[in-house]
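J.: Before I ask anything, let me first share the structure, which is written out below as structure tokens.
A short reminder: the numbers here are calculations on the coordinates, not readings from a lab. Note that the coordinates shown come from a computational prediction; the quantities given were computed from them, not determined experimentally. Note that we place each Cβ from the backbone using ideal geometry, even for glycine, and neighbour counts take in every protein chain shown.
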Amino acid sequence: MKILVTGGAGFVGSSLALLFKRDLPDCDVVAFDNLRRRGSELALVRLRDGGVTFVHGDVRSATDIEAAGAFDVLIECSAEPSVQAGYGASPDYVFQTNLVGLYNCLEAARKYSSRLLFLSSSRIYPIASLRSLPLVVENTRLTVPPGAEGLGWSGNGISTDFPLTGSRSLYGATKLCGEHLAQEYAALYGLGVVVNRCGVLAGPWQMGKVDQGFIALWCARHLFGGNLSYIGFGGMGFQVRDVLHVDDLYRLLRIQLGSLKSGDYFTFNVGGGVKNAVSLAELTSLCERCSGVSLEISGRPDTHAADIPWYVTDNGAVTAATNWRPEVSLSQLLDDVFSWLSEYRKILEPILGH
Ligand SMILES: NC(=O)c1ccc[n+]([C@@H]2O[C@H](COP(=O)([O-])OP(=O)(O)OC[C@H]3O[C@@H](n4cnc5c(N)ncnc54)[C@H](O)[C@@H]3O)[C@@H](O)[C@H]2O)c1
């Protein structure tokens, strides 16, 4: 079996590629990436040492994908992953990579009759609807009041029943269009497809930036020093996300791949869930505990047009279908990230510190 991981030098792609190769040593695992994300080049040594073949290429080019050769499974992790992409700037890169690039990947998958695991995002849910949830402040976080619920939301999180009408950012729109395209490829050409709409993913080798990968960024700034701000929603740091360790995502993909058949099409919300939900202010306390460093964090009340105050994943459907549930706690996850930052400080500080 050959697995092609597009975006295979990125945080999620490289982690998955190495774990698949570790557990399925007879399998050819190829990581395909154009190394656009700063820090992705650091994956090349890890991939080589882990027995994963690296192919430099761009999903925007069908010829590049063809050069990676035939495959049986495609794990699509290449993306412009920032929800802020295209705001005040051209949408060209996010559109060409996330949508045209996905189309090129689907065409290759059709040619080779491969199965597809597509990493979608919680950001396919509309911004205005998520902002209008009746949240209340409880200590240092926003939360859904006990007993409150509506279509697709409750204190347990957001499920796939959450209504899809409304604007969601260009990033979210390209992901949702990608899901629709993948569904058509399953229906028309018999591709087996699983779409996982992931909430925040984190773990070692995430090259965190302000607009994407905030867990790694928060940890790194505590350890290496630098600026952090609570941006938006009053600038208090009360906004909440649930966080899933990339190892937990891998365990899910293994299960899904084990039973995925031609023509199947599944869509799940996947994330750390209620137990792994945290506000930025709480994350600061956890990082202080792990690093022994206390930073001055400024508040910037203005909210970015794409930002949302609260997102927690309701894993009910994916757990019912696969028996999978997150196993890595938030504190274990932070321990992992801090150990990684300490071990590779020399190469990481220029990228993640400031
Ligand atoms: N990290 C998260 O919290 C999260 C949450 C939900 C969904 N996702 C999705 O998971 C996938 C992986 O995200 P990530 O966090 O690893 O991001 P990442 O930026 O670390 O990885 C993406 C990789 O894609 C590569 N890439 C970008 N444009 C490319 C192109 N045109 N051709 C080939 N490679 C290209 C980048 O160089 C990078 O290595 C993305 O599809 C993202 O939308 C991530």
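J.: Return, ordered by residue number, the residues of the stretch 159-197 whose backbone nitrogen is under 17 Å from a label point located 7 Å along Cα→Cβ of Asn323.
T.: Residues passing the 17 Å test: none.
J.: Here's something else I'd like to know. Sort Met207, Met1, Met236 so the one with the fewest other Cβ atoms within 10 Å of its own Cβ comes first. Don't skip to the answer; put the middle values down first.
T.: Working: Met207 20, Met1 12, Met236 17.
Going from sparsest to densest Cβ surroundings: Met1, Met236, Met207.
J.: Over the stretch 2-352, what is the relative contact order in percent, taking alpha-carbon pairs closer than 8 angstrom and at least six residues apart?
T.: Rounded, it is 18 percent for the stretch 2-352.
J.: What does the extension gain come out to for Glu288 and Thr165, with contour length at 0.36 nm per residue minus their alpha carbon separation?
T.: Working: separation 123, 0.36 × 123 = 44.28 nm, distance 3.99 nm.
The Glu288-Thr165 span can extend by a further 40.3 nm.
J.: Of Ile65, Ile215, Ile297, which has the largest mean-square fluctuation in a 10 Å C-alpha GNM of the chain?
T.: Of Ile65, Ile215, Ile297, the most mobile in the Gaussian network model is Ile297.
J.: Tell me, how many Å apart are the Cα centres for the stretch 299-354 and for the stretch 16-60?
T.: First find each Cα centre; the distance between them is then 21 Å.
J.: Quick check for the chain: number of Lys pairs with alpha-carbon distance under 21 Å, counting only pairs 8 or more apart or on different chains? Numbers along the way, then the final one.
T.: Working: Lys2/Lys21; Lys2/Lys111; Lys2/Lys261; Lys111/Lys261; Lys175/Lys209; Lys209/Lys346.
For the chain, qualifying lysine pairs total 6.
J.: Through the Karplus equation 6.51 cos²θ - 1.76 cosθ + 1.60, θ set to phi - 60°, convert the phi angles of the stretch 261-277 into ³J(HN,Hα) values in whole Hz; use x for Gly and Pro.
T.: Rounded to whole hertz, the list is 10, 3, x, 5, 9, 10, 10, 10, 8, 9, x, x, x, 3, 5, 9, 8.
J.: Shifting gears a bit: Only bridges whose two residues both fall in the stretch 2-352 count here: according to DSSP, what percent of them are antiparallel, nearest 5?
T.: Of the beta bridges lying entirely in the stretch 2-352, close to 20 percent run antiparallel.
J.: So how strong a dipole does the chain carry about its Cα centre when Lys and Arg Cβ are +1 and Asp and Glu Cβ are -1, to the nearest 20 debye?
T.: Roughly 100 debye for the chain.
J.: With a 10 Å cut-off between alpha carbons and a GNM built on the chain, which of Val278, Val144, Val195 moves the most?
T.: Val144
J.: On to the next question. Taking amide hydrogens as modeled 1.01 Å from N in the peptide plane, which residues meet the under 5 Å criterion relative to Ala31, leaving out close sequence neighbours?
T.: Those lying under 5 Å, H to H, from Ala31 are Val5, Thr53, Phe54, Val55.
J.: Counting other Cβ atoms within 10 Å, keep those with at most 12, restrict to DSSP loop, and tell me which GluC sites (Glu not before Pro) in the stretch 272-354 are left.
T.: Glu296, Glu327
J.: Any idea what angle helix 214-224 forms with the longest principal axis of the chain, computed on alpha-carbon atoms, 0 to 90 degrees, nearest 10?
T.: Relative to the chain, helix 214-224 is tipped by roughly 60 degrees.
J.: Could you work out how far apart the two model spin labels at Ala89 and Val137 are, taking each label as a point 7 Å from the Cα in the direction of the beta carbon, and quote it in nm?
T.: 3.3 nm
J.: I would also like to ask the following. When a footprinting reagent is the concern and you count Cβ atoms within 10 Å, what order do Leu260, Leu295 take, fewest first?
T.: Working: Leu260 20, Leu295 16.
Result, fewest neighbours first: Leu295, Leu260.
J.: Separate question: How large is the Rg to Rh ratio of the stretch 1-139 when both quantities use alpha carbon positions and Rh follows Kirkwood?
T.: Working: Rg = 16.8 Å, Rh = 16.0 Å.
Answer for the stretch 1-139: 1.05.
J.: Something else about it: Against the longest principal axis of the chain, how steep is helix 246-259, in degrees 0 to 90 to the nearest 10, with axes from Cα atoms?
T.: Tilt relative to the chain: about 40 degrees.
J.: Compute the FRET efficiency between Lys261 and Asn227 as 1/(1 + (r/R0)^6), taking r as their Cβ-Cβ distance and R0 = 45 Å, and round to the nearest 0.05.
T.: Working: r = 50 Å, r/R0 = 1.10.
For Lys261 and Asn227, the calculated efficiency is 0.35.
J.: For the stretch 2-352, count the residues as N, evaluate 2.2 N^0.38 Å, and divide the Cα radius of gyration by that value, please.
T.: Taking the Cα Rg and dividing by 2.2 N^0.38 Å, one obtains 0.95.
J.: While we're here: How far apart, in nm, are two points set 7 Å out from the Cα along the Cα-to-Cβ line at Glu107 and at Glu343?
T.: About 4.1 nm separates the two model spin labels.
J.: Ok, one more. Rounded, prolate or oblate for the stretch 124-241? Axes are the square roots of the Cα gyration tensor eigenvalues, ordered a ≥ b ≥ c, and the cut-off for rounded is a/c under 1.5.
T.: Details: a/c = 2.35, a/b = 1.31, b/c = 1.79.
It comes out oblate by the Cα gyration axes.
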